[in-house]
Amino acid sequence: MWGFVVAGLAVAVWGIVSWVAPATSCRGVEMHQGDTCEYSSLTNEKTGEVQRYEDRVAVAREQAPFAVAAGVGIIIFGAVLIVQDSRGVRASAA
């Protein structure tokens, strides 16, 4: 049960870090300001579409709040399990 709390904290912290300082890459190579990345399909066909570093960072920042919310949700779930477990222990002890 405490594992849920720890996992939730890890996910939430990861989301916050991604929000504050997002890192992005293009086919495994880290991108920096001013870099571009050409899209490719699942079959590695070049599509001609290009995404800028700034576009990728913006997408990462848009998605980070969902990671934070998921982390908080996992923490709450773990906390509920812990509370229910402690109530069950008290009820059986009485």
- Task: Determine, from the Cβ-Cβ distance of VAL13 and GLU49 and an R0 of 30 Å, the FRET efficiency 1/(1 + (r/R0)^6), rounded to the nearest 0.05.
- Result: 0.35
- Compute the long axis of helix 2-20 from its Cα atoms, compare it with the longest principal axis of the Cα atoms of the chain, and write down the angle in degrees, 0 to 90, nearest 10. 30 degrees
- Query: What's the angle, to the nearest 10 degrees (0 to 90), between helix 53-93's Cα axis and the longest principal axis of the chain?
  - Reply: 10 degrees
- At a Förster radius of 22 Å, what calculated FRET efficiency corresponds to the Cβ-Cβ distance of ALA69 and ALA21, to the nearest 0.05? 0.70
- 5 angstrom amide H check on THR24, placed H, neighbours 5+ away: MET31
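We did not get these values from a lab; they are worked out from the coordinates using the rules stated. Worth saying up front: this structure is predicted, and the values here are computed from it rather than measured. Cβ atoms come from the backbone with ideal geometry, glycine included; neighbour counts cover every protein chain shown.
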